[in-house]
């Protein structure tokens, strides 16, 4: 499984990481990907890599010499941006959210503007966290601006009335 992950999962992940870091003008390093270290680690048995069922057990036992126990065994924490806060009134994305109320908004044109207004109000008041919905609507507006120029095709497509596709 370790080799399978290296050949399928790791390569595209590293390519994305490299592209994103370079796009931001950063030089990222992966210290555990030195080919000598990878070859050595690949030769280790599962009983060493997952001693007592603990992930990264060898690394954790080595780190115990220098790091406190609470750091070595803490839960994994991803990097999360405070998008919800940024979308509230006064935040750096508040203007993008406010545009969703406009008639010129593609999202408002293809959905219920009143519902969007309620979602925005609830989010701003902290009644409900609508970060994911608002982010999706902002992305939809940005996509429409680039690819549709805010023009919506007027004709109905086959199957639109029933929700079923018509197969020829």
Longest principal axis of the chain (C-alpha) makes with the long axis of helix 131-147 (C-alpha) an angle, in degrees to the nearest 10, of 70 degrees
Highest mean packing first, using Cβ neighbours within 10 angstrom, the peptides 69-77, 122-130 sort as 122-130, 69-77
Segment 88-130, Kirkwood Rh and Cα Rg, ratio Rg/Rh at 0.96
Most packed first (mean Cβ within 10 Å per residue), the peptides 101-109, 25-33, 81-89 order as 101-109, 81-89, 25-33
Kirkwood Rh over alpha-carbon pairs of segment 27-111 plugged into Stokes-Einstein at 20 °C, 1.002 mPa s gives a D in µm²/s of 120 µm²/s
What helix-only [θ] at 222 nm does the chain give? Using -39500 (n - 2.57) per DSSP H run of at least 4, over all residues, to the nearest 500, the answer is -14000 deg cm²/dmol
Helix 11-23 sits off the longest principal axis of the Cα atoms of the chain, rounded to the nearest 10 on a 0 to 90 degree scale, by 70 degrees
By the mean-Cβ-within-10 Å protection proxy, highest first, 9-15, 94-100 rank as 94-100, 9-15
Here D for the chain, in µm²/s, from Stokes-Einstein with a Kirkwood Rh over Cα pairs at 25 °C and 0.890 mPa s, works out to 115 µm²/s
Taking Cα atoms only, helix 113-125 is inclined relative to the longest principal axis of the chain by an angle, in degrees rounded to 10, of 50 degrees
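Where a number appears in this text, it was derived from the coordinates with a stated rule and is not lab data. As the structure is a prediction and not an experimental result, all values here were calculated from the model. Don't worry about glycine lacking a Cβ; one is built from the backbone with ideal geometry, like all the others, and counts go over all protein chains shown.
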